[in-house]
């Protein structure tokens, strides 16, 4: 992998901001303006022909706020490469790589739908989980787990959906949905000892 990193640094001087390796996986932080060219070079010249996944991270209250992560793999070489880049809060737009790896198409749509990151030149940047016209981005850290109301006509649900239905979602209580959020969970106190019934 050192050879691949050396070739990238030689081909794009100054584009790689930071690099690290852990358990056979190399991670490279790339300047946003260079990520498209770096990604194409990884595919065409370095053999990273498989786009495994795309992840987005919300570094809430930190600038740059958004981080996009590409997980690449070389089927022939058995090598894994992670490309990361950051985007400012007020300009969450990245170049599409869906023309380089077609499987990135739906990954980019999901990142747009859930986090609000746009992908320039994407051929069909539509919401993929939420309905068209939904005004919020549910995976942002400032989006409350209890949901937000939306005034969107002609859709099945326009109110915040309650978080109910499982032990890992809510806790039994008369409180509001906000109280029942997982991050508000606590272990209830044990009853007094005199309330226990001894077995015969």
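State all residues of region 44-58 that are farther than 18 Å from residue 110 by Cα and in contact with a strand residue (DSSP E or B) (Cβ under 8 Å, 6 or more places away or on another chain); if no residue qualifies, say none. 46, 47, 48, 49, 50, listed by residue number. Within region 12-37, the set of residues being surrounded by fewer than 14 Cβ atoms within 10 Å (Cβ to Cβ), out of contact with any strand residue (DSSP E or B) (no Cβ under 8 Å at 6 or more places or on another chain) and either assigned to a helix (DSSP H, G or I) or in contact (Cβ under 8 Å) with a residue 12 or more places away in the chain (or both) comprises 14, 33.
Can you tell me how many residues in region 130-140 are surrounded by 11 or more Cβ atoms within 10 Å (Cβ to Cβ) and within 20 Å of residue 58 (Cα to Cα)?
Step one: of region 130-140, the residues surrounded by 11 or more Cβ atoms within 10 Å (Cβ to Cβ) are 130-131, 133-134, 136-140.
From what's left, within 20 Å of residue 58 (Cα to Cα): 130, 134, 136-140.
So the count comes out to 7.
Screening the candidates 77, 47 for the property of being modelled with pLDDT under 95 and touching a helix residue (DSSP H, G or I) at 6+ places or on another chain (Cβ under 9 Å) yields one hit, 77. Selection of region 111-133 for residues being without any contact (Cβ under 8 Å) to a residue 24 or more places away in the chain and within 13 Å of the chain's Cα centre (by Cα) yields only 112.
Could you go through region 11-27 and let me know if any residue there is under 17 Å from the mean Cα position of the chain (by Cα) and closer than 14 Å to residue 82 by Cα. Yes.
Taking region 38-54 as the search range and keeping residues that are exposed (fewer than 15 other Cβ atoms within 10 Å of the Cβ) and under 22 Å from the mean Cα position of the chain (by Cα), which one is nearest to residue 17 (Cα to Cα)?
40
Please work out if residue 83 is touching a strand residue (DSSP E or B) at 6+ places or on another chain (Cβ under 7 Å), within 14 Å of residue 5 (Cα to Cα) and modelled with pLDDT of 95 or more.
Criteria met by residue 83.
On the stretch given as region 59-74, residues that are within 17 Å of residue 106 (Cα to Cα) and either without any contact (Cβ under 8 Å) to a residue 12 or more places away in the chain or in contact with a helix residue (DSSP H, G or I) (Cβ under 9 Å, 6 or more places away or on another chain) (or both) total 3.
Hey, any hits in region 83-103 for a residue that's free of Cβ contacts under 8 Å to residues at least 40 places away in the same chain, closer than 18 Å to residue 18 by Cα and surrounded by 14 or more Cβ atoms within 10 Å (Cβ to Cβ)? Checked region 83-103: no residue is free of Cβ contacts under 8 Å to residues at least 40 places away in the same chain, closer than 18 Å to residue 18 by Cα and surrounded by 14 or more Cβ atoms within 10 Å (Cβ to Cβ).
The values are calculated or read from the model by the stated rules, or taken from the named source; none is laboratory data. Keep in mind it's a predicted model, so treat the numbers as computed, not measured. Note that each Cβ is placed from the backbone with ideal geometry, even for glycine, and that neighbours are counted across all protein chains shown.
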